[in-house]
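Chemist: Submitted below is the structure of interest, expressed as structure tokens.
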Amino acid sequence: MNAELQACGLDVGSTTAKIVAIDRAGRMRWWHLEPAEPRVEEQVARLIDLAGTAGVDLQTAPLVATGYGRNLVAGAARTVTEITCHARGIRQEFPGGGVLVDIGGQDSKVIHISPQGAVVDFAMNDKCAAGTGRFLENTAARLGVALEDLGRLTLSSSDEVPITSTCTVFAESEVISLLAKGVRLEPILRGVHRSLVRRLVAMIRGIGAASPLLLSGGVAQNQAVAQLLSEEMGRPVQVSAHPQLVGAYGAALTALEMRPSRA
Amino acid sequence: MSGPPDPTRGSPISERLQYLKGLAGKSGARGVIFYDVKFCEPELFDLPQLRAGLQAAGIPSLTVEVDLNDAQPHQVLTRIEAFVEMLT
Amino acid sequence: MSGPERLTALAGIALGRAALRLNRIRAEGRARAWRDDILGPPLRLSARGKELVGRHWLEGRFAHSQGRKVAWVTSGAPVELLKALDFYVVYPENHGAICGTARTAEGVMTEAEAAGYSRDLCSYARTDIGTALCGRTPVGRIPRPDLLVACTNICQTVLFWYRVLAEMFQAPLLLIDTPFLYYADAPPHAVEYVKRQLEEAVPVAERISGKRLTQERLRQVARLAKTASELWMEVMQRNRHRPAPISAIEQFIQMAPIVEMRGDPQTVDFYAALLGELDERIARGLGAVQRERKRLLWDNLPVWYRLRDLAEILGRQGAVLVASTYTNAWGELAPLIDPERPLESAARTYLYPILNRSTGHKLATMRRMLDEYQLDGVILHSDRSCKPYSVGQIDQRARLAQDCGKPALLLEADHNDPRCYSEAQVANRLAAYLEILGT
């Protein structure tokens, strides 16, 4: 057992499952990420075992569960929503408040965090995949582009073709028909990214646009999203150094705060 | 026809806001949840000014949109939970 | 109003009018040089109509500095009494349509949505509230309301929309509640109810305008409104001819004066001139499309941001929109206006708009129009944010096919929100429909 690992956070998302262990100073010491599996309880059990082999002692290190499957985590000391956990996690990296835009695989959220670190307001897009990673994933797959190349390719062109379909599924058809007409890949990609970013902007403006603008979630790794968002909002955007782990990290920090003493 | 101010019976928005602020004060409520049925115009038109007024009075609020006859989707529960966490 | 303010206003109006006149002359020049394979030559008077509407909004910019009071009203509001009190009247719905055609609606709607107004709300309301929040408008500047007048004869949405405006502008709201007509005739108690509301509205309107309502002036306005409505009806009825000299799409544009300038003498002059030009076109065999093969009816509000596209998609196959229940609404009530008893007849007139009547009545109206204009089919615009106009269209479509043997297309879109318009879906449905029609 590694006594340094004092608390644990588990974020069971709809696309990926993440587990993070931290030390008493709140630093991330171990983490693991993998695609979400349909049999949530089995995956959760396996992840907790994995944490055990990494040195986490669940008898002494509390675990807080968050995310879509948070209520399916036996052994969780507490469950907390991803809103609160993301706010907690990002605050560690960017104290002073701001607006966090978390773009996940199947949902996106905007959280207004006060300078004192409290959640002031939030908005969730969890009814529609447009504005989430799924939108980009689908179109990338259709275009035969690897996810990790999306951002670079998108930014390589200054031309842009608007995508008018608001629905992910219909946008796919639109993209195909554009390609069939001979439109180049990169301007189409820019249009796709622009659509995504505009959905986010609508959510951000509904919350009230405070500064700074922070980005997390798998899609935050796409530099085109960060850049276009910054353009549309007219402000710089700061991306978390560990964008996919912010929720799990926040859950771990919450768990740490539950410990009776920091000895 | 007495009863609380009601948009479907012509109550001005400011009256409804006053009533809500009064209710929140009397009950010690920490926040307001607007539980709205999708497409309900009387509610949807009132919402922004009500929420702004509540915010100005230091009362946070949450809007949740549901369908009349459908079971509670888990997303709605998450929002309500997140709101409660925000208040505590 | 101070002397300098008035002078500035006069100068502004003069300059504005000169600019509008210049635009008209240029537009007329372009119209003369027009060549198109699909659509017929544009109306010469189109440019004059645009100038007329432009002058109306220009007047609004300077209304307050000229000592006038301003009323914002719903499209079905009993406007005659307000005009007789010299209110400058703003129609937010018309302004919404202008934003729709100018393609600026999306920009202002997002302002309303950012403030928390749901995307499920009427796109006119979102356009209006968004404009009020950010002040951006293609018409220059819209004067603030001293009075709001909402009449429920077009929908109930206006009730809630205008309450928001009342709160935003801290302006008094006059509500004219017109009971829905389920049956053919308005029951006497409904007419009495509306009449009493109109009578009660008079002192309120007088107080705000600072003027007294004279029967003479009211009769004059009612006379002008009646004449303009009759002329508008004649304009639409010229489409009994083959080829139809003016498409319903063109009518959507040219209807602006009958809605937002009803009661003004210029409106009468304009439609009289338009009638003249239509007669000329009929004499010359000029139609709205080059090759008229199929004649169609449009039900519901237009798709303001895609008028030209729709005209071309249809025109390419020789199809033309010849009539619409929407434009018809502003002519069919002319017989009810009695300039000798303006307030009394207004109580009836404003109960009978098509949207205040049953879906059965709308079906009967469409059937009558199918015959009157010798139509081949109907396009029912299923308008996402206008439920009152769209409800019942599914049944109406089935009955039109069944009882009249006329194919009817249900086309999903929205009158002002381009985000609810799917190019691919619309093109597909229209193409399939045109094939069914046999174009």
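Chemist: In whole Å, what is the distance between the alpha-carbon centres of the stretch B:32-60 and the stretch A:17-66?
Modeler: 39 Å
Chemist: Across peptide C:109-116, what mean number of C-beta atoms from other chains lies inside 10 Å of a residue's C-beta?
Modeler: Averaged over the peptide's residues, the number is 5.
Chemist: I would also like to ask the following. What does the accessible area per residue of chain A come to in Å², with a 1.4 Å probe and no ligands, DNA or RNA counted?
Modeler: Solvent-accessible surface per residue comes out at 42 Å².
Chemist: Using Stokes-Einstein with the Kirkwood hydrodynamic radius over Cα pairs, what translational diffusion coefficient do you get for the stretch C:270-356 at 4 °C and a viscosity of 1.567 mPa s, in µm²/s rounded to a whole number?
Modeler: D = 83 µm²/s.
Chemist: Which cross-chain or sequence-distant (5 or more) residues have an amide H under 5 Å from the amide H of residue C:294, H modelled 1.01 Å from N in plane?
Modeler: The list, which skips near neighbours in sequence, is C:319, C:320.
Chemist: Residue A:18: accessible area at probe 1.4 Å, nearest 10 Å²?
Modeler: Looks like 20 Å² after rounding.
Chemist: Give me Rg/Rg_expected for the protein assembly as shown, where Rg uses Cα atoms only and Rg_expected = 2.2 N^0.38 Å with N residues.
Modeler: 1.09
Chemist: Let me ask another. What number comes out for the charge environment of residue A:59, summing +1 per Lys or Arg and -1 per Asp or Glu over other residues with Cβ under 15 Å away?
Modeler: My count for the surroundings of residue A:59 gives -1.
Chemist: Related question: Please list B:67, C:269 from largest to smallest accessible area, probe radius 1.4 Å, with all protein chains kept in place.
Modeler: Order by accessible area, largest first: C:269, B:67.
Chemist: Considering amide H positions built from the backbone, and no H for Pro or chain starts, which residues 5 or more places from residue A:54, or on another chain, come under 5 Å of its amide H?
Modeler: none
Chemist: Roughly how many Å is it from the Cα centre of the stretch C:180-237 to that of the stretch C:394-417, as a whole number?
Modeler: 33 Å
Chemist: Taking chymotrypsin sites (Phe, Trp or Tyr not before Pro) that fall in a DSSP loop and have at most 11 other Cβ atoms within 10 Å as cut points, what is the longest piece of chain C between them?
Modeler: C:184-439
Chemist: So which trypsin sites (Lys or Arg not before Pro) in the stretch A:22-93 are both in a DSSP loop and have at most 16 other Cβ atoms within 10 Å of their Cβ?
Modeler: A:24, A:27, A:39
Chemist: Using the heavy atoms of the protein chains alone and a 1.4 angstrom probe, what is the accessible area of the stretch C:300-439 per residue in square angstrom?
Modeler: Per-residue accessible area for the stretch C:300-439 comes out at 37 Å².
Chemist: Could you tell me what percent of the accessible area of the stretch A:95-239 is made up of carbon and sulfur, with a 1.4 Å probe and every protein chain present?
Modeler: Exposed carbon and sulfur together represent 53 percent of the surface.
Chemist: Send over the semi-axes of the stretch A:95-239's equivalent ellipsoid, whole angstrom and largest first, taken as the square roots of 5 times the C-alpha gyration tensor eigenvalues.
Modeler: Over the Cα atoms of the stretch A:95-239, the ellipsoid semi-axes are 28, 15, 12 Å.
Chemist: Return the carbon/sulfur percentage of the accessible area of chain B, one whole number, probe 1.4 Å, all protein chains in place.
Modeler: Carbon and sulfur together cover 56 percent of it.
Chemist: Can you give me the accessible area per residue for the stretch B:8-84, using a 1.4 Å probe, in Å²?
Modeler: 52 Å²
Chemist: Residue by residue through the stretch C:264-275, what is 3J(HN,Hα) from phi via Karplus (6.51 cos²θ - 1.76 cosθ + 1.60, θ = phi - 60°)? Round to whole Hz and write x for glycine and proline.
Modeler: Using θ = phi - 60°, the values come out as 8, x, 4, 5, 4, 4, 4, 6, 5, 5, 4, 4 Hz.
Chemist: For the stretch C:357-372 and the stretch A:120-180, what is the separation of their C-alpha centers, rounded to whole Å?
Modeler: Here the answer is 45 Å between Cα centres.
Chemist: When DSSP assigns beta bridges and you keep just the ones with both residues in the protein assembly as shown, what percent turn out antiparallel, to the nearest 5?
Modeler: 35 percent
Chemist: Direction-averaged shadow area of the convex hull around the Cα atoms of chain C, nm²?
Modeler: Convex hull of Cα atoms, orientation-averaged projection: 20.2 nm².
Chemist: What percentage of the solvent-accessible surface of chain C, computed with a 1.4 Å probe over protein heavy atoms, is contributed by carbon and sulfur atoms?
Modeler: 52 percent
Chemist: Once phi is turned into ³J(HN,Hα) by the Karplus curve 6.51 cos²θ - 1.76 cosθ + 1.60 with θ = phi - 60°, what whole-Hz value does each residue of the stretch A:42-57 show in order, with x for glycine and proline?
Modeler: 5, 5, 4, 4, 5, 5, 5, 4, 4, 4, x, 5, 7, x, 7, 9
Chemist: Which value, in square angstrom to the nearest 100, describes the accessible area buried between chains C and B on both sides, using a 1.4 angstrom probe?
Modeler: The contact between B and C buries close to 1500 Å².
Chemist: Report the A-B buried area as the accessible area lost on both sides summed, probe 1.4 Å, in Å² to the nearest 100.
Modeler: 1200 Å²
Chemist: Going through the stretch A:168-259, which trypsin sites (Lys or Arg not before Pro) have at most 10 other Cβ atoms within 10 Å and a DSSP loop state?
Modeler: A:181
Chemist: Can you pull the mean other chain C-beta count within 10 Å for peptide B:70-78?
Modeler: Neighbouring Cβ atoms belonging to other protein chains average 3 per residue here.
Chemist: Once you sort the root eigenvalues of the Cα gyration tensor of the stretch B:7-87 as a ≥ b ≥ c, which label holds: rounded (a/c under 1.5), prolate (a/b larger than b/c) or oblate (the other case)?
Modeler: oblate
Chemist: Would you tell me the accessible area of residue A:79, worked out with a 1.4 angstrom probe on the heavy atoms of the protein chains, in Å² to the nearest 10?
Modeler: Its heavy atoms expose roughly 50 Å² to the probe.
Chemist: How well do other chains shield peptide B:37-47, expressed as the mean number of their Cβ atoms within 10 Å of each residue Cβ?
Modeler: Mean partner-chain Cβ count within 10 Å for B:37-47: 5.
The values are calculated or read from the model by the stated rules, or taken from the named source; none is laboratory data. Quantities reported herein were computed from a predicted structural model and do not represent experimental measurements. Heads up, the Cβs are rebuilt from the backbone with ideal geometry, glycines too, and the neighbour counts pull from every protein chain shown. Please note that ligands, DNA and RNA were not included when accessible areas were found on the heavy atoms of the full protein model with its side chains. Shrake-Rupley method; radii C 1.70, N 1.55, O 1.52, S 1.80 Å.
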